[in-house]
Amino acid sequence: MESVYDVLQERGYIAQVSHEEEIREYLSKPGATFYIGFDPTADSLHVGHFVQLMVMARLQRAGHRPIALLGGGTGMIGDPSGRTDLRKVMTVETIEHNVEEFKKQMEKFIDFSDGKAIMANNADWLLPLNYIEFIREIGSQFSVNRMLAAEAYKQRLERGLTFLEFNYMLLQAYDFLELYRRYDCRLQLGGDDQWSNILAGVDLVRRKEQGKAFGMTMTLLTTSTGEKMGKTVGGAVWLDPDKLKPYDFYQYWRNIDDADVIRCLKLLTFLPMEEISAYAELEGEELNAVKEKLAYEVTKIIHGPEIADEVDQAAKAIFSGAGSAANMPEVKFAASDQNRPLLDLLTEGKIIPSRSEGRRLIQQKGLVLNDKLIEDFDYVLNEGDIVDNAVIIRKGKKRYYRLFFTEG
C-alpha cells in the first residue's frame with residue numbers, strides 16, 4: 001500500500017523536511033502524533049491555511065493523530081515571519097473569540113471525536129510561565145547569532161525587530177517541547193515560511209529530552225508566477241461564509257489561471273491522482289470544465305455539499321444567461337447613490353480598481369448593465385435600469401455583480 005508520505009510528496013505538499021528517513025518511518029505505521037500551530041490573528045481561517053488543513057486531514061485518514069494547536073498565548077506576541085512590520089497587538093477577548101471561530105472551521109476537516117485528534121491552546125502553558133525560569137530553562141538553549149541568521153528575523157532587522165517579537169521563536173519551540181511531553185508528539189508541520197521556527201523546536205526537544213523530534217514544512221499556496229494566492233477585489237479569501245459569500249468563494253477558484261488549476265486540484269481536493277492526471281492533458285476551453293470541478297470540490301469541503309450544489313448551479317445558470325441574482329457578489333449603496341456615475345460606483349465597490357480601468361473595460365466592450373452594453377464613460381443609472389432596488393453588472397465574460405440600493 002502507498003505510504004501517506006509518498007502521497008504527500010506526489011501531490012506536491014512537502015517543501016522541506018528535517019529528517020526524511022525518520023519521518024518516513026514515523027508515518028509508516030498508524031498512531032503518529034503531529035501538530036500544526038494556528039495563531040488567531042483574525043476571526044476566520046483563510047485560504048492560506050487550506051494546504052495545512054488538507055495535510056492534517058490526509059494524515060488523520062492514514063491513521064495518525066493531529067493536534068491543532070491554537071495560539072492563544074503566541075497570538076499575544078505575533079509571529080514576525082513574513083512580516084515587514086509589527087503585528088497589531090490584540091486584546092485577550094479578541095484572541096479568545098478568534099480561537100472559538102477557528103475551532104468551528106477546523107471541525108470541517110478534522111474528526112475530534114473519541115480522541116482521534118486533539119485541540120490544544122498554548123495559552124494553557126505559556127500564560128502561567130515564570131519569566132526567569134523560562135529564560136533559564138529555554139533561553140539558555142538558544143544562540144542569538146543563530147536566531148539572527150534565521151530568515152524570519154533577517155528580513156526585519158533593517159526595519160526594526162522588537163524584543164517582543166524576538167521571543168516568538170523561543171515560545172514556538174517551547175510549544176513543541178510541551179506537546180512532546182504531554183502527548184508524545186514528535187512531528188511539527190507548518191507552512192514553509194515557518195522553517196526556522198520549526199527547526200528551533202526540533203532542536204529544543206532533542207536537546208532537552210534527548211527525544212526523536214522532526215519537522216516538515218508544507219508548500220505555500222502560490223500561483224505559477226510565485227505570487228501568494230488568496231486575494232480578491234474585496235480582500236482575503238476567507239473560509240467563513242459571513243466574511244466571504246460561498247458564491248464569491250466558488251468564483252475565486254472558477255476564475256484562477258489555467259496554469260494553476262492542476263496544482264490546486266492536487267493540493268486542495270481529495271480527487272484521485274488518476275483523475276487529476278487526465279485533466280492535466282486538457283487545454284484551452286476544455287479547462288473551463290476542470291475549473292468548475294475545482295471550484296465545486298473546494299466549496300464542498302469548506303461549505304458542505306448542499307451549498308456547493310447551490311452555488312455551482314447558480315454560477316452555471318448565470319453564465320448561460322438564465323440565472324437569478326440570488327447568489328451573486330452583492331455590493332450595497334445608499335439609494336441616493338443611484339444618481340452618481342456608474343464608474344464611480346464600480347470603483348467604490350471595488351468591482352474595478354479605478355475609473356481608468358473602467359474606461360478601458362468599456363472600450364473593450366466588457367461592461368454590461370443588466371442586458372445593456374455600456375458605451376458611455378459617464379453613464380448614470382436611470383429608473384429603467386433599477387429592478388427591485390438593484391442592477392446586475394457583468395464585467396468581462398464571466399464575472400457578475402449585484403448593486404443593491406437601500407434606503408436610509
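The values are calculated or read from the model by the stated rules, or taken from the named source; none is laboratory data. Since we're looking at a predicted model, the values are computed, not measured. We place every Cβ from the backbone using ideal geometry, glycine too, and count neighbours over all the protein chains shown.
Report yes if E21 is among the charged types (D, E, K, R) and modelled with pLDDT under 95, otherwise no.
no
Among the residues of segment 23-41, are any touching a Ser or Thr at 6+ places or on another chain (Cβ under 7 Å), among the acidic types (D, E) and either in the same structural domain as Y174 (by TED's automatic domain parsing) or buried (at least 19 other Cβ atoms within 10 Å of the Cβ) (or both)? Taking every residue of segment 23-41 in turn, at least one turns out to be touching a Ser or Thr at 6+ places or on another chain (Cβ under 7 Å), among the acidic types (D, E) and either in the same structural domain as Y174 (by TED's automatic domain parsing) or buried (at least 19 other Cβ atoms within 10 Å of the Cβ) (or both). Within segment 385-408, the set of residues being more than 16 Å from P341 (Cα to Cα) and in a loop (DSSP other than H, G, I, E, B) comprises D388, N389, G396, K397, K398, E407, G408. For segment 114-131, the condition holds for at least one residue, the condition being that it is exposed (fewer than 12 other Cβ atoms within 10 Å of the Cβ) and at pLDDT below 90. Checked against the criterion of being more than 21 Å from the chain's Cα centre (by Cα) and at pLDDT 95 or above, segment 33-47 contains one or more residues that satisfy it. Name the residue, out of I302, I256, I262, that is closer than 30 Å to Y168 by Cβ and outside the structural domain of V51 (by TED's automatic domain parsing). Going through I302, I256, I262 in turn, just one is closer than 30 Å to Y168 by Cβ and outside the structural domain of V51 (by TED's automatic domain parsing): I302. State whether the residues of segment 183-190 include one that is at pLDDT 90 or above and among the polar types (S, T, N, Q). Looking for residues that are at pLDDT 90 or above and among the polar types (S, T, N, Q), one finds at least one in segment 183-190, hence yes. If the condition is being part of a strand (DSSP E or B) and of a type outside the set (V, I, T), then segment 362-384 contributes L367, L369, K372, L373.
Residues considered: Y35, Y5, Y26. Of these, the only one that is assigned to a helix (DSSP H, G or I) and closer than 19 Å to R182 by Cβ is Y26.
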